[in-house]
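Have a look at the structure below, then the notes.
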Amino acid sequence: MNKLNIKLVTIALVMPISFSAWATNNANGLMPNKMMGDSICQLDVNQIQIRSLAQPEIDVLKFMREEEKLARDVYQVFFENTSATVFNNISQSEQKHMDQVKLFLDAYEIEDPAKTNEGEFTDLSLQALYDQLLEQGAESDLAAYNVGALIEEVDIKDLDAAIEDTDIPELINMYTQLRDASYNHLRAFTRQIIMLDGSYTSQVLDQQTVDSILNTANTKMQIGNAIRVNGTEESASSACFISNLKADEQILQNGSSIPSSQIVNISYQVKADVIDIGQTVDWVLLANYGTTDGPSNWFVRDTDQWKDWNGQVADLPAAETGYVLQSEQTIPVFNGTLDAMPGTYTIYIGYRLEDDSLVYKQSPLVFSIIP
């Protein structure tokens, strides 16, 4: 199947044995549901599809958890010493980054190396660096700002390497968000340095790279988990697609195996991109199903019928047309047993607008039904 065609899919799975019943019970199709704020955009461990991690990927996750802690702890000390709000603001951001990395540690059941006490580290190299940076930044406010810039340059370099060394989409997305934040932090610290010293010279990255970062506007942190594709152009979207997978009412993690006797319930919480609210959209549904001893096949929903999909984006029919997009909605996907269809299911979700642009979540929901 053409790689571009797969990327251009907007989708959600409604299993064929349940769609008619679902439509009967919900005559208006997808049901609006008001939820609190941006909470549905917040990743939790159940959204992370468990994959096979190589030991280097595990090591990087553990290191990143402590590297973010180092930044947080250093900035907290510098805020106490200087009362400069930039340190307080960025230390709070670093706490959020620590939390992001910990989600992956928890999802993969990797032991958390971060110690509770401020300034204490499991990684001895980070412990030594922390002690060195505190001493270096204690000399003056300017020295503290330079230490902050140094930390962010190191973070950017390490995150570049982390992105390069994994092919797991969720990790790449998380590391990219952390790197974008480090770009913003580097700009914040260098503004303070330039006000005090007139210029800033790179400390780890090459000067051209630093100048390029400093001459670019702050990155707006992506609160969604979707992508918008229009023709061959693609961009990030603030839409949020959050899957809910349950078996016998127990919440399961993405990638789980489910006994065929259990009742499977699948739904999505979807928060539309603000620029799409009120527009009339089609919900385009696609699923991949395969067994261990046979090939997998792609299926697309055409109103109330499932059909084989040939991989061509132009041949993506709609499961539902004429839906006026709400700010937030819940999409019931499936409720029942799959005992007659053991195998692996891959589910995507998205919506198509009137200009044929597609907004969808790239990371699928995956689960297996075992006899």
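The values are calculated or read from the model by the stated rules, or taken from the named source; none is laboratory data. Just so it is clear, the structure is predicted and the values come from calculations on it, not from any experiment. Here the Cβ positions follow ideal geometry from the backbone for every residue, glycine too, while neighbour counts run over all protein chains shown.
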_Take the conditions in contact with a Lys or Arg (Cβ under 6 Å, 6 or more places away or on another chain), surrounded by fewer than 22 Cβ atoms within 10 Å (Cβ to Cβ), within 26 Å of Arg191 (Cβ to Cβ) and in the same structural domain as Val210 (by TED's automatic domain parsing) and apply them to Ser140. Does it pass?_
no
*Determine the pairs where a residue that is over 14 Å from Gln95 (Cα atoms), located within the range 105-125, has a partner that is in a loop (DSSP other than H, G, I, E, B) and of a type in the set (Ser, Thr, Tyr) with Cβ atoms under 8 Å apart, the partner being 6 or more residues away or on another chain.*
Pro113/Thr122
*asked:* Filter the range 164-179 down to the residues that are within 21 Å of Asp44 (Cα to Cα) and in contact (Cβ under 8 Å) with a residue 12 or more places away in the chain and list them by number.
replied: Thr166, Ile168, Pro169, Glu170, Leu171, Asn173, Met174, Tyr175, Thr176, Gln177, Leu178, Arg179
*asked:* Restricting to the range 338-370, count the residues that are assigned to a loop (DSSP other than H, G, I, E, B) and either closer than 18 Å to Val229 by Cβ or out of contact with any helix residue (DSSP H, G or I) (no Cβ under 9 Å at 6 or more places or on another chain) (or both).
replied: 13
*Quick check, is Gln55 modelled with pLDDT of 80 or more and either surrounded by fewer than 17 Cβ atoms within 10 Å (Cβ to Cβ) or within 22 Å of Gly224 (Cβ to Cβ) (or both)?*
yes
*Which strands (runs of 3 or more DSSP E) sit wholly inside the range 273-328 and have at least 3 residues that are surrounded by fewer than 16 Cβ atoms within 10 Å (Cβ to Cβ) and in the same structural domain as Ser363 (by TED's automatic domain parsing)?*
305-308, 320-324
*Examine the range 98-105 for a residue that is within 17 Å of Gln127 (Cα to Cα), at pLDDT 95 or above and among the β-branched types (Val, Ile, Thr), and state whether such a residue exists.*
no
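Residues checked against (1) over 25 Å from Tyr175 (Cβ atoms); (2) of a type in the set (A, V, I, L, M, F, W, C); (3) touching a strand residue (DSSP E or B) at 6+ places or on another chain (Cβ under 9 Å):
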| site | (1), (2), (3) |
| --- | --- |
| Arg228 | no, no, yes |
| Gly231 | yes, no, no |
| Ala236 | no, yes, yes |
| Glu249 | yes, no, yes |
| Pro259 | yes, no, yes |
| Ile263 | yes, yes, yes |
_All positions within the range 143-182 that are acidic (Asp, Glu) and buried (at least 23 other Cβ atoms within 10 Å of the Cβ)_ = Glu152, Asp155
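Residues are listed down the side, and each one gets a yes or a no for (1) assigned by TED's automatic domain parsing to the domain that holds Lys157; (2) crowded, with 19+ Cβ neighbours inside 10 Å; (3) hydroxyl-bearing (Ser, Thr, Tyr); (4) in contact (Cβ under 8 Å) with a residue 60 or more places away in the chain:
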residue	(1), (2), (3), (4)
Met195	yes, no, no, no
Val210	yes, yes, no, no
Ser243	no, yes, yes, yes
Gln253	no, no, no, yes
